[in-house]
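Student: Sharing a structure here in structure tokens format.
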Amino acid sequence: MKPNRVEVLAIGDELLDGRVADTNTLRLADQLSFYNIRINQRTTITDDIDVIIREIKNIAERKTELCVVSGGLGPTSDDVTAEAFAALSGEELIRDEKTIQKIKQRLQQFNRPVTENQLKQADRPKSSELLINPVGSAVGFQLKYKNCLFVALPGVPKEFDSMVNDHILQPFKNLELRPLEKKVFRSFGLFEAQVDELLSDLPKKWPVIRLGYRAHFPEIAISLKASPEHSEQLQEAQKFVREKLGKSLFSETQGGFAETLIECLKSQSKTLSLAESCSGGLAGHLLTEVPGASEVFSVGLITYSNKSKTEILGVKEDTLKKFGAVSEETVTEMANQVRSMAKTDYGLAISGIAGPGGGTKEKPVGTIWIALSLEHEIITKKLELFFDREKNKIISAHSALDLLRRRLQY
């Protein structure tokens, strides 16, 4: 039976003092959404038995039907989730023998001593149901408190994901719940507010479609979700998104940013080379994240100094003296030279001032020049960025590849 109210209880000091981000809830929410189940509330608390007991009671009082508990089942002294549930129920902890053997075998395999704190990972409240952990040492367990089913899982992401699939999602699969239909679009070159404005009419036109955004610098992901019976409206909404996003839409699939560009180059049997300065090789990194990039990506040079620009690429010293390294003239020569040297169809070049220093009144920090060299044409683009050094580099690399992607796609 599908629960009407779902909560997450994330336990761990590290989640509250900045050491670790709670990504478990994000992935769980995404997986549950396929079954049209949403998380109504997430509560994050410290590793404290009294606090855990208090929140368990609060969750049950809110008439929550399913609560996924993440964390506090490991070997250290601050892992007290099992103890808290046992104290709440007024019962003892029991130790699973099969899990003990598994822990001992693992420790012996790595020549580590078998200690009491390692064995405590096999503990669970006596009235609870054991949940097998196929990829780790700590067991999970589930039990009902009042009318809420609490499912306690290790907080380690790999273990959490595996047990979510086995012990939380599987029952919904067995119920043959029809999952939501979902479509994700990925855009580059627009701020989140701009994308939101472009798509502002979508909820009015198709109120049955759930529209969502996720900013993952420098991309914006747009998600559309709908029940299976609203498949036709979902198709109409997808067409609307494509029309509104236009050239900023670079992908409708998961994968690296450069995946669409690599596929375009492959389909057109074209090759690419790079000459990077301020981006420090990030454009090449984006390309090589895509399996099979070597079929189309030939050469990537990081010519950071003026000396390397002249001695390696062959940029004229007069060009650098007259216009400077950050100029349309210099980046044009860089693109032309790397394309000629590598004998590729396209050459891309990036040169700019990433910051925090190095800027002038005429060329402030964030001034970036990009050039795309073709056989009989050169395309240049100037960026005037206002981010920090790291983000300026990231935008520079993405913008260069996006310049070629738009050329190939449109």
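Student: Which residue pairs have Cβ atoms under 9 Å apart, sit 6 or more places apart or on different chains, and have a first residue in segment 364-379 that is outside the structural domain of K270 (by TED's automatic domain parsing) and a second that is of a type outside the set (K, R)?
Tutor: Cβ pairs passing all conditions: none.
Student: In the set A349, A397, A354, which member is of a type in the set (A, V, I, L, M), within 34 Å of the chain's Cα centre (by Cα) and in a helix (DSSP H, G or I)?
Tutor: Values: A349 fails: in a helix (DSSP H, G or I); A354 fails: in a helix (DSSP H, G or I).
Result of the check over A349, A397, A354: A397.
Student: Please report, ordered by residue number, the strands (runs of 3 or more DSSP E) entirely within segment 8-126 with at least 3 residues that are basic (K, R). Break it down stepwise before answering.
Tutor: Values: elements: 41-45, 66-70, 93-95, 123-125.
Correct list: empty, since no element meets the threshold.
Student: Just checking, how many residues over segment 378-402 are closer than 18 Å to A335 by Cβ, surrounded by 20 or more Cβ atoms within 10 Å (Cβ to Cβ) and aliphatic (A, V, I, L, M)?
Tutor: Of the residues in that region, 3 qualify.
Student: So, in segment 191-204, how many residues would count as being closer than 19 Å to S399 by Cα and either crowded, with 18+ Cβ neighbours inside 10 Å or polar (S, T, N, Q) (or both)?
Tutor: 2
Student: Further, regarding this structure: Which of the residues belonging to segment 100-125 are closer than 30 Å to N58 by Cβ and crowded, with 16+ Cβ neighbours inside 10 Å? It would help to see each step written out before you state the result.
Tutor: Quick first cut of segment 100-125, residues closer than 30 Å to N58 by Cβ only: 117, 120-125.
Within segment 100-125, K120, Q121, A122, D123, R124, P125 qualify.
Student: Would a scan of segment 231-238 turn up a residue that is in a helix (DSSP H, G or I), assigned by TED's automatic domain parsing to the domain that holds G314 and modelled with pLDDT of 95 or more? Steps first, answer last, please.
Tutor: To start, the set of residues in segment 231-238 that are in a helix (DSSP H, G or I) comprises 231-238.
From what is left, the residues that are assigned by TED's automatic domain parsing to the domain that holds G314 are none.
No.
Student: What's the total number of residues in segment 380-396 that are touching a residue at least 60 places away in the same chain (Cβ under 8 Å) and farther than 18 Å from Y346 by Cα? Quick ask: steps written out before the conclusion?
Tutor: Looking only at segment 380-396, we keep the residues that are touching a residue at least 60 places away in the same chain (Cβ under 8 Å), and these are 391-396.
Okay, now just the ones that are also farther than 18 Å from Y346 by Cα, so 391-395.
Within segment 380-396, residues that are touching a residue at least 60 places away in the same chain (Cβ under 8 Å) and farther than 18 Å from Y346 by Cα number 5.
Student: Let me ask something else. Could you list, in sequence order, all residues of segment 258-275 that are over 11 Å from L401 (Cβ atoms), among the charged types (D, E, K, R) and in contact (Cβ under 8 Å) with a residue 12 or more places away in the chain?
Tutor: K266, K270
Student: Take segment 164-190 and flag every residue that is part of a helix (DSSP H, G or I), in contact (Cβ under 8 Å) with a residue 12 or more places away in the chain and of a type in the set (D, E, K, R).
Tutor: D166
Student: Picking from L153, L180, which residue would you name as being within 23 Å of the chain's Cα centre (by Cα) and farther than 30 Å from E252 by Cβ? Please lay out each step first, then the result.
Tutor: Working: L180 fails: farther than 30 Å from E252 by Cβ.
Exactly one of L153, L180 is within 23 Å of the chain's Cα centre (by Cα) and farther than 30 Å from E252 by Cβ, namely L153.
Student: When the residues of segment 268-279 are filtered to those that are closer than 19 Å to E289 by Cβ and not charged (D, E, K, R), which remaining residue is surrounded by the fewest Cβ atoms within 10 Å (Cβ to Cβ)?
Tutor: It comes out as T271.
Student: If you go through segment 222-229 one residue at a time, do you hit one that is surrounded by 15 or more Cβ atoms within 10 Å (Cβ to Cβ) and polar (S, T, N, Q)?
Tutor: First, pick out the residues of segment 222-229 that are surrounded by 15 or more Cβ atoms within 10 Å (Cβ to Cβ): 222-227.
Filter again for polar (S, T, N, Q), leaving 223, 227.
Yes, because at least one residue in segment 222-229 is surrounded by 15 or more Cβ atoms within 10 Å (Cβ to Cβ) and polar (S, T, N, Q).
Student: Yes or no: T44 assigned by TED's automatic domain parsing to the domain that holds A84 and closer than 19 Å to A82 by Cα? I'd like the intermediate steps shown before the answer.
Tutor: On the way: assigned by TED's automatic domain parsing to the domain that holds A84: yes; closer than 19 Å to A82 by Cα: yes.
For T44, the condition - assigned by TED's automatic domain parsing to the domain that holds A84 and closer than 19 Å to A82 by Cα - is met.
Student: Residue check, I53 against (1) surrounded by 20 or more Cβ atoms within 10 Å (Cβ to Cβ); (2) among the aliphatic types (A, V, I, L, M); (3) more than 26 Å from F172 (Cα to Cα), all met but one. Which one?
Tutor: Exception for I53: condition (1).
Student: Looking at K98, K102, K120, K126, which is the one that is in contact with an Asp or Glu (Cβ under 7 Å, 6 or more places away or on another chain), assigned by TED's automatic domain parsing to the domain that holds K146 and of a type in the set (D, E, K, R)? Spell out how you get there, then give the answer.
Tutor: Working: K98 fails: in contact with an Asp or Glu (Cβ under 7 Å, 6 or more places away or on another chain); K102 fails: in contact with an Asp or Glu (Cβ under 7 Å, 6 or more places away or on another chain); K120 fails: in contact with an Asp or Glu (Cβ under 7 Å, 6 or more places away or on another chain).
Result of the check over K98, K102, K120, K126: K126.
Student: Restricting to segment 357-376, give me the number of residues that are hydroxyl-bearing (S, T, Y) and part of a strand (DSSP E or B).
Tutor: Restricting attention to segment 357-376, the residues satisfying the condition of being hydroxyl-bearing (S, T, Y) are 360, 367, 373.
From what's left, part of a strand (DSSP E or B): 367, 373.
So the count comes out to 2.
Student: Checking the structure you have, find out if any residue of segment 22-44 is crowded, with 17+ Cβ neighbours inside 10 Å, more than 18 Å from F172 (Cα to Cα) and without any contact (Cβ under 8 Å) to a residue 40 or more places away in the chain.
Tutor: Yes, the conditions are met somewhere in segment 22-44.
Student: In the list E243, E232, E252, E197, which residue meets the criterion of being in contact (Cβ under 8 Å) with a residue 24 or more places away in the chain and of a type in the set (D, E, K, R)? Walk me through it before giving the result.
Tutor: Values: E243 fails: in contact (Cβ under 8 Å) with a residue 24 or more places away in the chain; E232 fails: in contact (Cβ under 8 Å) with a residue 24 or more places away in the chain; E197 fails: in contact (Cβ under 8 Å) with a residue 24 or more places away in the chain.
After applying the criteria, what remains is E252.
Student: OK, next. Considering each of G74, G12, G18 in turn, give the residue that is at pLDDT below 95, in the same structural domain as P157 (by TED's automatic domain parsing) and surrounded by 14 or more Cβ atoms within 10 Å (Cβ to Cβ). Explain how you work it out, then say what you get.
Tutor: Numbers: G12 fails: at pLDDT below 95; G18 fails: surrounded by 14 or more Cβ atoms within 10 Å (Cβ to Cβ).
It is G74.
The values are calculated or read from the model by the stated rules, or taken from the named source; none is laboratory data. These numbers come from a predicted model, not from an experiment. In this analysis, Cβ positions are derived from the backbone assuming ideal geometry, glycine residues included, and neighbour counts consider all displayed protein chains.
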